[in-house]
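I have placed the structure first, in the form of structure tokens, so that the comments after it can refer back to it.
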Amino acid sequence: MLKFDNVIYDYDEESFHFDITINRGEIVAVLGGSGAGKSTLLNLAAGFIEPVRGNLFIAGRSMLNIEPHRRPLSMLFQERNLFDHLSVHDNIGLGLHPSLKLTALQHQQIREICQQVGIEKLLARFPGELSGGQKQRVALARCFIQQNPLLLLDEPFSALDPVLREEMLNIVKSLAKQQNMTVVMVTHHLSDAINAASHYLFVDQGKIISAGPMAQLDDPNIPTAVATFIHAGEIKAV
């Protein structure tokens, strides 16, 4: 579904090397320390930056030189996801048509996705009238209404409290399963990975040093950097 085929990206004196295949329907948590290259991996997939070598495929199609808005994916950030001058309805509608010239069926699709993420009563409001959690629900609705096969999450819920974060991740899990969507989520919360992900990949110094099903994190032979990260996450969770 998403394949990094010996992708090399250089930035200043840093070099990043990603080589991995992520299958359709998997929810993959991208773990690692600060500055390890997690967001770089997502930015390469999204097309915000281009590799100097290698190839990147989505659904079997090379994404080299394909502009970000033409790639079959949706991406959600921690902030700056909504247009303040547009209502909730129109912010979501942008996911269906950039000019907001929507059919009756598309208006119905907006109402349905809003029910699924719990914002059906907020359609006429504007972003300035919403809480942080409500804003991310709107942004999430816009991602899922596009029904792209791939969703990239760059720590979009990290500013939310743990209970609300878990609720948002449950929505992601439910809708991703419903649409058979692949999700790649960068998170620094080990609990988020445990609650939501089916698989993980661990980035250290610009390389993927460990990857597999979440259960593999219990393996005593995992790399030291991964074990240290897990131990630190468990301490914070206590």
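Taken together, the values in this text are just the output of simple stated rules run on the coordinates, not laboratory data. These figures come from a predicted structure and were not determined experimentally. Here the Cβ is made from the backbone with ideal geometry for all residues, glycine too, and neighbour counts use every protein chain on show.
Structure notes:
- CD proxy at 222 nm, helix term only [per DSSP H run n ≥ 4: -39500 (n - 2.57); per residue of the chain; nearest 500]: -10500 deg cm²/dmol
- Over region 146-238, the hull volume per residue, using the convex hull of the C-alpha atoms, is 113 Å³.
- Here region 82-147 is treated as a Stokes sphere of Kirkwood radius computed over C-alpha pairs; at 4 °C and 1.567 mPa s its diffusion coefficient rounds to 114 µm²/s.
- Binning the alpha carbon pair distances of the chain at 10 angstrom intervals from zero yields the distribution 7, 32, 35, 20, 6, 0, expressed in whole percent.
- Residues in region 82-96 carry Karplus couplings, in order, of 10, 9, 5, 8, 10, 5, 4, 4, 6, 4, 6, x, 4, x, 9 Hz; the curve used is 6.51 cos²θ - 1.76 cosθ + 1.60 with θ = phi - 60°, and Gly or Pro positions show x.
- Length released on extending from E112 to S99, taking residue separation times 0.36 nm less the Cα-Cα span: 2.6 nm
- Which of L217, G93, Y11, positive extreme of dipole for the chain (C-beta unit charges): G93
- Rounded to the nearest 10 degrees, the inclination of helix 104-117 to the longest alpha-carbon principal axis of the chain is 50 degrees.
- Other-chain or far-sequence residues with amide H under 5 Å of L130's (modelled H): none
- Exposure rule at most 16 other beta-carbon atoms within 10 Å, DSSP loop GluC sites (Glu not before Pro): the chain longest free segment: 121-238
- The label point for H231 and the one for R125, both projected 7 Å from the Cα toward the Cβ, are 4.5 nm apart.
- Projected label distance in nm at D12 and K177, using a 7 Å step from Cα toward the beta-carbon: 4.3
- Placing +1 on the Cβ of every Lys and Arg and -1 on the Cβ of every Asp and Glu, with no other charges, gives the chain a dipole of roughly 880 debye about its Cα centre.
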